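The values are calculated or read from the model by the stated rules, or taken from the named source; none is laboratory data. Source: prediction; values computed, not measured. Here the Cβ positions follow ideal geometry from the backbone for every residue, glycine too, while neighbour counts run over all protein chains shown. Surface areas here come from the heavy atoms of the whole protein model, side chains and all, with no ligands, DNA or RNA. Shrake-Rupley method; radii C 1.70, N 1.55, O 1.52, S 1.80 Å.
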Amino acid sequence: MASYVKEIGGKLSNDPFLTEEIGGGGGGGGGEEKDKMRRVWVPGPVIVGAGPSGLAAAVCLKQKGVPSIVLERSNCIASLWQLKTYDRLRLHLPKQFCELPFMSFPAEFPTYPSKNQFVSYLEVYAERFDIRPRFNETVAEAEYDHTLGFWRVRSKHGNTDEIATVTEYVSRWLIVATGENAEAVVPKLDGMDVFDGPIKHASLYKSGEEFGGKKVLVVGCGNSGMEVSLDLCEHRASPSLVVRDAVHVLPREMLGKSTFGLSIWLLKWLPVRLVDGFLLMVSRMILGDTAKFGLDRPIIGPLRLKNLSGKTPVLDVGTLAKIKTGHIKVRPSIKRLRRHAVEFVDGRIERYDSVIMATGYRSNVPSWLKEGEMFGKEDGLPRKPFGWKGKNGLYAAGFTNRGLLGSSMDAKRIAEDIERCWKADAKFCTPFTQSLPST
């Protein structure tokens, strides 16, 4: 095996991104051609995901002289932002807390950049540092080969099995940057098959313009559910918001500062318990008692709850005012859907034209990563809180429940860790530092 690895190293010294054609194991006829695939030897890490986390990791590595390959299943960077978010979306935190490493937002951008402004920022970021993801690459499987000591990342390029080109990327390092929000979560509701109206996930919602004059039920009271309800209201729809659990609603700004920024500053001096108490006291002064309007607060404070469960408090951008005036109705959990109506657990039955499921997202890591220690099989998240490093060169970027700030922190740590290995292993590193193409 040592001679085999040595042979790989020799090949890579002449062709850093060596490509081999591998014969399939299929029988005769057309199936044999379909089973053939390419193998690409990658000297640096393979990064799965070209969202903010993947781009940040690639840039941090590049700044340290470590090349990488970024694989992205969609046809663009930040596909969640570009393809699966509503038009009115803005960053919930001030832009200084959402910057990626080595590049600030333009000074002319507002404190809370819009969706289009943020996408523009990411596109400029990738262009400035010459990060060129390989698009339409859907990773079907990634597994560590203990015999070879490399990760084998098998990807399909194309939309169907019939036309897909299979490539196996082989690398010493694998960075999972697909994020906590890779797949939409659509819970099963009794009667979904009989409801005579569209039922769509918030990832398919763009604007309330198509719902003008209609009664719409929004399921889920997180930031997305709250903002979708507000957007519907502003487009002359009649939205109702299903609130199934207790939720912390905080003003986006307190005492002239962003609530997030103020929290970070206070945590430098005070324990979480006291900061939570302060946030709730000021929130009550600004927003009033949210329980009066059907928004009960959890017993645990907002910051402690975030640390324990990852549940993010809602930062109000105007929805609560519409709830207070009755333009947005608050409803309890759904018992069942009927043909033209919805029955709630309190016995109320109301007619609705459409249902929007603002029920969140989940990780898709378990569907393709064959690994049992770092990532949980149920939720696809790192088992350890704020976990970013696993075994055998496995890393996670953007899974720390800290938003874009956490993605930047992960990217820097990962790059520093890989750089140490890169410099220490002269056998694999030295030949590539001068000859690698930009990635």
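Past the 27 angstrom mark, what percentage of all C-alpha to C-alpha distances in the chain do you count? Could the numbers behind the result be given before it?
On the way: 56342 of 96141 pairs.
Of all Cα-Cα distances in the chain, 59 percent exceed 27 Å.
Relative to the compact-globule estimate of 2.2 N^0.38 Å, the Cα radius of gyration of segment 103-253 comes out at 1.44. With distances taken between every two different alpha-carbon atoms, segment 85-142 has a Kirkwood hydrodynamic radius of 13.1 Å. Shown for segment 228-283: the carbon plus sulfur share of the solvent-accessible area, taken with all protein chains present and a 1.4 angstrom probe, equals 60%.
Give me the extension gain from M192 to L204: residue separation times 0.36 nm, minus the current Cα-Cα distance, reported in nm with one decimal.
Numbers: separation 12, 0.36 × 12 = 4.32 nm, distance 1.73 nm.
That pair, M192 and L204, stretches by 2.6 nm at full extension.
Once the C-beta distance of M103 and V345 is scaled by a Förster radius of 60 Å, the resulting FRET efficiency is 0.80 to the nearest 0.05. GNM on the chain, alpha-carbon springs under 10 angstrom: the most fluctuating residue among G261, G393, G208 is G261.
Calculated over segment 317-383, the projected area of the Cα convex hull averaged across directions stands at 7.8 nm².
Per-residue 3J(HN,Hα) values for segment 83-99, derived from phi via the Karplus relation 6.51 cos²θ - 1.76 cosθ + 1.60 with θ = phi - 60°, read 10, 10, 10, 7, 5, 7, 4, 10, 4, 7, 10, x, 4, 5, 8, 10, 6 Hz in sequence order (x marks Gly and Pro). With N the number of residues in segment 254-401, Rg(Cα) / (2.2 N^0.38 Å) evaluates to 1.36.
Can you give the local net charge around E137? Use residues other than it whose beta-carbon is closer than 9 angstrom to its beta-carbon, Lys and Arg +1, Asp and Glu -1. Net of charged neighbours comes to +2. Over the chain, accessible surface divided per residue gives 47 Å², non-protein components excluded, 1.4 Å probe. Amide H contacts for R134 (H built 1.01 Å from N in the peptide plane; partners 5 or more residues away or on another chain; cut-off under 5 Å): V70, L71, E72. 3J(HN,Hα) along segment 244-257: 8, 10, 5, 8, 8, 10, 10, x, 5, 9, 9, 6, x, 10 Hz, from the Karplus curve 6.51 cos²θ - 1.76 cosθ + 1.60 with θ = phi - 60°, whole Hz, x for Gly and Pro. The smallest convex shape that holds all Cα atoms of segment 217-279, its convex hull, gives 98 Å³ per residue.
Averaging 1/r over each pair of different alpha-carbon atoms in segment 54-160 and inverting the result gives 15.7 Å, the Kirkwood hydrodynamic radius.
Please tell me the relative contact order of the chain in percent, rounded to the nearest whole number, where contacts are Cα pairs under 8 Å and at least six residues apart.
On the way: 859 pairs, mean separation 91.2, N = 439.
So the answer I get is 21 percent.
Within segment 206-316, the proportion of C-alpha pairs whose separation exceeds 20 Å stands at 45%. Extending each Cα 7 Å along its Cβ direction at R39 and D87, get the distance between those two points in nm, one decimal. A separation of 5.1 nm, rounded to one decimal place.
When the convex hull of the C-alpha atoms of segment 349-415 is computed, what volume per residue in Å³ does it have? Please list the in-between numbers first.
Numbers: hull volume 9.4 nm³, N = 67.
It comes to 141 Å³ per residue, whole-number rounded.
With each label modelled as a point 7 angstrom along the Cα→C-beta vector, the R420-L148 pair spans 2.7 nm.
Could you quote the convex hull projected area for segment 163-209, Cα atoms only and averaged over all directions, in nm²? Let's see the in-between values first.
Numbers: hull surface 29.2 nm².
The orientation-averaged projected area of the Cα hull of segment 163-209 comes to 7.3 nm².
The HN-Hα couplings worked out from phi for segment 150-156 by the Karplus form 6.51 cos²θ - 1.76 cosθ + 1.60 (θ = phi - 60°) are 10, 8, 10, 10, 9, 10, 10 Hz, whole numbers, x standing for Gly and Pro.
What value does segment 292-346 have for Rg/Rh, both radii from Cα atoms and Rh as Kirkwood defines it? Display every interim value, and only then the final one.
On the way: Rg = 14.7 Å, Rh = 13.8 Å.
Value, to two decimals: 1.07.
Extension gain for T165 to V185 (0.36 nm times residue separation, less C-alpha to C-alpha distance): 4.3 nm.
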